[in-house]
Every structure is written in structure tokens, then in C-alpha cells.
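The values are calculated or read from the model by the stated rules, or taken from the named source; none is laboratory data. The structure displayed is predicted, hence computed values, not measured ones. Cβ sites come from the backbone with ideal geometry, for glycine too, and all protein chains shown count toward neighbours.
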Amino acid sequence: MTPETITESSGNVFVDLGFPPEEAVMLALRAELMARLRETVAERSWTQTEAARHLGIGQSRVSDLMRGKREKFSLDMLITLAARAGRQVEITVR
């Protein structure tokens, strides 16, 4: 049996998975926003119907959000949804 190799993370799972750096940044931002939106829905105990009303989208879109279907949401849309949910979005460029 060979010993396991442990590779330290770059800090972005999408880079670690082999995505080009520019795509990895966008994927990480979208994943983070979706996670925060799901947390908001859970914290406020919204049903999908209530979340749809608060976010100004259809219930089927809330279902997509809750199921993590990131390909169905642009970064712009996720920022808009976060603002509608009362979340403040800050982007830092280093």
C-alpha cells in the first residue's frame, strides 16, 4: 500500500480542481453567494414560496438556488438576490 499524498489547498477549490484561474474566481464567488443566500433563507425560516416573494423570483428559481444549481445563476443575478434579501455584498480586489 502506498502512502497518501496530501496536497495543500490553494485557497480556491475550483483552482485545485483544475479550472483556469479566471473561471475559478467566478465559480468561487458564485458558490459563496449561493451559500449565503441559502443561509439567509434558512435563518429566516422562509418556505420556498416566501423566499420567492422576498427575492422577486419564481419558486422554481428558489428551488434551483437551494439545490445549488450554480450554472443557472449569473454573478449579477446572485448579487441582486443578495441585495433583495438585505445582504451587503463586498468585493475586494487584491
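In this structure, is residue 60 out of contact with any His (no Cβ under 6 Å at 6 or more places or on another chain), surrounded by fewer than 12 Cβ atoms within 10 Å (Cβ to Cβ), among the small types (Gly, Ala, Ser) and in a helix (DSSP H, G or I)? Steps first, please.
Working: out of contact with any His (no Cβ under 6 Å at 6 or more places or on another chain): yes; surrounded by fewer than 12 Cβ atoms within 10 Å (Cβ to Cβ): yes; among the small types (Gly, Ala, Ser): yes; in a helix (DSSP H, G or I): yes.
Here the answer is yes, as residue 60 does meet what is asked.
If a residue has to be closer than 18 Å to residue 70 by Cβ and either among the β-branched types (Val, Ile, Thr) or in contact with a Lys or Arg (Cβ under 6 Å, 6 or more places away or on another chain) (or both) to count, how many in the stretch 37-58 make the cut?
4
Identify, please: which residue in the stretch 22-66 is among the acidic types (Asp, Glu) and closer than 18 Å to residue 88 by Cβ and is, among those, modelled with the lowest pLDDT?
32
Within the stretch 28-57, take every residue that is more than 27 Å from residue 17 (Cβ to Cβ) and polar (S, T, N, Q) and give me the one that is surrounded by the fewest Cβ atoms within 10 Å (Cβ to Cβ).
Out of the qualifying residues, it is 45.
Test residue 32 against the criterion of being within 14 Å of the chain's Cα centre (by Cα) and not aliphatic (A, V, I, L, M), and give yes or no.
So residue 32 passes the test.
Do we have residue 70 as of a type outside the set (A, V, I, L, M), surrounded by 13 or more Cβ atoms within 10 Å (Cβ to Cβ), within 13 Å of the chain's Cα centre (by Cα) and at pLDDT below 95 here?
Details: of a type outside the set (A, V, I, L, M): yes; surrounded by 13 or more Cβ atoms within 10 Å (Cβ to Cβ): yes; within 13 Å of the chain's Cα centre (by Cα): yes; at pLDDT below 95: yes.
Criteria met by residue 70.
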